Amino acid sequence: MGSLDDVIAWRDGHVVAIDQRLLPGELRMLHITGVDDLVDAIATLAVRGAPVLGAAGALGVALAVRQGAREGWDAARLDTEVKRIADARPTAVNLRREVEAVAAVIPSGPDAVEAAARAVLDAAVDASVRMSSRGAEYLASSLGSRPLTVHTHCNTGALACLGWGSALGVVRALHDRGALAGVIVDETRPLLQGSRLTCWELAQLGIPHQLACDGAAPFLISRGMTDAVVVGADRVAANGDVANKIGTYSLALAARRAGIPFVVAVPESTIDAATSGGEQIPVEQRAEDEVTHVLGTPAAPPGTRALNYAFDITPADLVTAIVTEDRTIHPNG
Ligand code: MRU
């Protein structure tokens, strides 16, 4: 076992997921049987990416129900454990949304909970495939039928979304149509989701790509080396402001300056009508040693302090289009 079809699943009463911390060096599956291990897997980015966090949250509720039955939890304890899953990371709205949706089914019993959790995964796959082809259609109709070079950030493929992915699904759909020249992938410091995960997925799919340092991106865009920036998001506010991996905002600024589209591909489940604008989105701050170290090796003098905001907010006025499985939104009319 272990392929892009096995990113996260419910098997024999527990959660099985690719341990994304080990990629690209090793493809190893995690077998998660309790809430502590699931919360740890989410917090340490063994499972990550907004829709996959939603899937992990949904399956986590089923896991908590099973563990509670095994260990004799009362309703209050089950509620506490479910809330710990929802709180494991703050920015991606999918996590809390799917935990709450599946938790609402708890009164119907464990079988209903497991069915509801599995349905979240099926919906994520379906959304990703529809969003991917809608995004490819949008880019082809805006930019013409010539093969396009797309610049992307972080990891937004199956590892992050199931199915085809979001932004990387759009790339895949362009490739399938013969409409893709190649992909420029930001390495995505500090945790290197671009180089470790996106390059791994693109290699598996046989899609041509080149890796770039994050700091190079605005320069490459200014030199006309890309036709469009396409990214995913962890949360889109009601006004169209976009929270995504740190470094996304500089791509949007560069795209605007160069006059190329900045497109956000997200499932509807990532749009948060309850959050009116980007200033209300909680931006996760992570441990300083993720910045002072690279893959565990010190990269700064001992004692160096670091800022580690995991996400940034791109204001809606820089967003050309938000493509979902159901619609294409133009935040600026
Ligand atoms: O910290 P991560 O790796 O979970 O961040 C993931 C991203 O920022 C992705 O771009 C985002 O979840 C979009 S994937 C639909």
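The values are calculated or read from the model by the stated rules, or taken from the named source; none is laboratory data. Since we're looking at a predicted model, the values are computed, not measured. Quick reminder, even Gly has a Cβ in these numbers, built from the backbone with ideal geometry, and neighbours come from all protein chains shown.
Quick check, is V125 assigned to a helix (DSSP H, G or I) and crowded, with 16+ Cβ neighbours inside 10 Å? Criteria met by V125. Which residue pairs have Cβ atoms closer than 8 Å, lie 6 or more positions apart in sequence or on different chains, and pair a first residue in region 315-333 that is more than 19 Å from E137 (Cα to Cα) with a second residue that is surrounded by 20 or more Cβ atoms within 10 Å (Cβ to Cβ) and acidic (D, E)? These pairs meet every condition: P315/D241; A316/D241.
Highlighted here would be helices (runs of 4 or more DSSP H) found entirely within region 134-213 that include at least 2 residues which are touching a Lys or Arg at 6+ places or on another chain (Cβ under 7 Å) and of a type outside the set (A, V, I, L, M, F, W, C), but there are none. Please verify whether region 199-216 includes one or more residues that are over 30 Å from A299 (Cβ atoms) and polar (S, T, N, Q). No.
Screening region 214-333 for helices (runs of 4 or more DSSP H) wholly inside it with 3 or more residues that are touching a strand residue (DSSP E or B) at 6+ places or on another chain (Cβ under 8 Å) and at pLDDT 95 or above returns the ranges 217-222, 248-258. Any residue at all in region 191-203 that is closer than 18 Å to G232 by Cα and either acidic (D, E) or modelled with pLDDT under 95 (or both)? Taking every residue of region 191-203 in turn, at least one turns out to be closer than 18 Å to G232 by Cα and either acidic (D, E) or modelled with pLDDT under 95 (or both).
Here region 160-184 is the region considered, the condition is being among the hydrophobic types (A, V, I, L, M, F, W, C), more than 9 Å from the ligand (Cβ to nearest atom) and more than 15 Å from G206 (Cβ to Cβ), and the residue that is surrounded by the most Cβ atoms within 10 Å (Cβ to Cβ) is V170. Does A228 count as aliphatic (A, V, I, L, M) and in contact with an Asp or Glu (Cβ under 8 Å, 6 or more places away or on another chain)? Spelling it out, it is not the case that A228 is aliphatic (A, V, I, L, M) and in contact with an Asp or Glu (Cβ under 8 Å, 6 or more places away or on another chain). Within region 190-219, restricting attention to residues that are of a type in the set (D, E, K, R) and within 15 Å of the chain's Cα centre (by Cα), the residue that is farthest from the ligand (Cβ to nearest atom) is E201.
Yes/no matrix, rows are residues, columns are (1) surrounded by fewer than 14 Cβ atoms within 10 Å (Cβ to Cβ); (2) within 16 Å of the ligand (Cβ to nearest atom); (3) not assigned by TED's automatic domain parsing to the domain that holds G54:
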residue: V229; (1), (2), (3): no, yes, yes
residue: A238; (1), (2), (3): no, no, yes
residue: A273; (1), (2), (3): yes, no, yes
residue: G277; (1), (2), (3): no, no, yes
